[in-house]
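A.B. asks: I have a structure I would like to understand better, so I am pasting it below and will then ask my questions one at a time.
Rule-based calculations on the coordinates, nothing more; no lab input. Bear in mind that the values here come from a model prediction, so they are computed numbers and not experimental data. As a convention, Cβ positions derive from the backbone with ideal geometry for all residues, glycine included, and neighbour counts pool all protein chains shown.
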Amino acid sequence: MLSSHLFLISIAALTLLILLGRALAYGRSKRLPPGPPGWPIVGNILDMPVVYPWKTFTAWGEQWGDIIYIKLFGQSMLILNNSGVASELLDKRSNLYSDRPHMTMSGELMGWKRTAGFQSLGPRLRGMRRLMSTAIGSYAHIRDLSHHIEDEVQYFLARLLQHPESLTQQIRRTTGSIILKIAYGYQVEADDDKLLGTVERAMEEFTVLAKLATRGWVEKKGPHSTGTVTSSFTSTLLEAKPDSHGELLIKDAAASLYGAGVDTTHSSVYTFFLAMTCFPEVQRKAQRELDSVVGRNRLPVLADRDHLPYIHALCLEVLRWQSAVPLGLPRRLNRDDVYAGYFIPKGTVIIPNIWSLATLNIAKVKRGNTVIDPIINYTPGAIRQVI
Ligand code: HEM
């Protein structure tokens, strides 16, 4: 009995030694990016933050630098804390870094797996991106859609004037309505609209997404209850009479639009109201620009944007200030790569820490090193500069 226990303990110790030896040899032979050391087998699992991971990753950046390598059990992960590095890897090397990791919880179990943000790189994702680019791929497309947005904003302001206490519900109704209109041509006409209700639930519970996609589809293709249906992304693409495979791709692309668009836009618009409350001087400056360009007899429209540089910068600043997606959507490296002398193994999950990219810009502004992006002529840190 004793000898069989000893035998088992010896085997376990030997296995551990071999694994440890291989891990150390691997680390020595390839120069991996820096990061918290972690433990054999479990890696950095004990270092992982439970709340606000973006803040911990940013703090790690102070110690380990702009790219941080960690391992969770066998899974390599790379955290990008610098916009230059993020652009170098995710944009310039997009042929290597555009895949998405397999996400069992949110993808498989919660019903998001067929939407664009959770698809592996392949013909399906490329097909969906091609379809989506026909609806929102360029500024010209957005200009064509601007009347939908402007109509909904008018209704939003009228409702908000009557019920200022219901700000978040009104933003939710507006963003949901705009995306349902663009994706399905569906016009929400009442607060208790059934389809909109499902959108609201989708924002709270991931799991209803699959059902939501089907509801939107049925509403588009069949009779509907409270809202009305006009031409849209879905109807235009269906006019080409796709086969069943093509139909499924259109359905999933439409679901991707509102799945990715509703919550992010709702959060960003809400943040705008927060910013205007926190920084009244910025609000006054924006109002002065609006009064001088648009006047007080009409509402601004998208066509005014080029004449409203301060408000344009302010909107971008709000997106930067409190990003709705502080850790972006993870990507996956599809081949071994070497960057800045560091080896990055195939299969590494890439986390762009957008929150940190924004904080670093602020730090630069605070040092007086204002960064002006020549493309959009936008000054990061606009909100804080005014204070
Ligand atoms: C302030 C609002 C928004 C924010 C902060 C935001 C942020 C993001 C981020 C960080 C990603 C991942 C990008 C990447 O990995 O390269 C993404 C992907 C995506 N977003 Fe947005 N987004 C916003 C609004 C929207 C809207 C309004 C729509 C559609 C109507 C939309 C549709 C998508 C889609 C379809 C993807 C997946 C793209 C792909 O993998 O091909 N987003 N978004």
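A.B. asks: Only four residue types carry charge here, +1 at the Cβ of Lys and Arg and -1 at the Cβ of Asp and Glu. Report the dipole size of region 43-193 about the Cα centre in Debye, rounded to the nearest 20.
C.D. replies: Details: 16 positive and 16 negative charges, 143 e Å.
The dipole of region 43-193 has a size of about 680 debye.
A.B. asks: Separate question: Between D91 and E165, take the C-beta separation as r, use R0 = 41 Å, and let me know the FRET efficiency to the nearest 0.05. Intermediate results must be reported in sequence, preceding the final value.
C.D. replies: Working: r = 43 Å, r/R0 = 1.05.
E(calc), rounded to 0.05, equals 0.40.
A.B. asks: Need one number: nm distance between label points at H307 and T264, each 7 Å from Cα along Cα→Cβ, rounded to one decimal.
C.D. replies: Label at H307, label at T264, 3.1 nm between them.
A.B. asks: Would you mind ranking Y270, Y155 by Cβ crowding within 10 Å, fewest neighbours first? Walk me through the numbers on the way to the answer.
C.D. replies: On the way: Y270 18, Y155 15.
With the fewest neighbours first, Y270, Y155 line up as Y155, Y270.
A.B. asks: Using a basic spin-label model with each label point 7 Å from the Cα along Cα→Cβ, how many nm lie between K241 and Q287?
C.D. replies: Modelled inter-label distance: 5.8 nm.
A.B. asks: Please list 139-145, 350-356 highest first by mean number of surrounding beta-carbon atoms within 10 Å per residue. Write out the running numbers ahead of the final one.
C.D. replies: Values: 139-145: 12.4, 350-356: 24.0.
Peptide ranking by packing, descending: 350-356, 139-145.
A.B. asks: Extending each Cα 7 Å along its Cβ direction at V50 and L329, get the distance between those two points in nm, one decimal.
C.D. replies: 3.0 nm
A.B. asks: Right, here's the next one. Cβ under 10 Å from T175's Cβ, T175 left aside: what net charge do those residues give with Lys, Arg +1 and Asp, Glu -1? Don't jump to the answer; show the numbers that get you there.
C.D. replies: Working: positive: R172, R173; negative: E152, D263.
Result for the local shell: 0.
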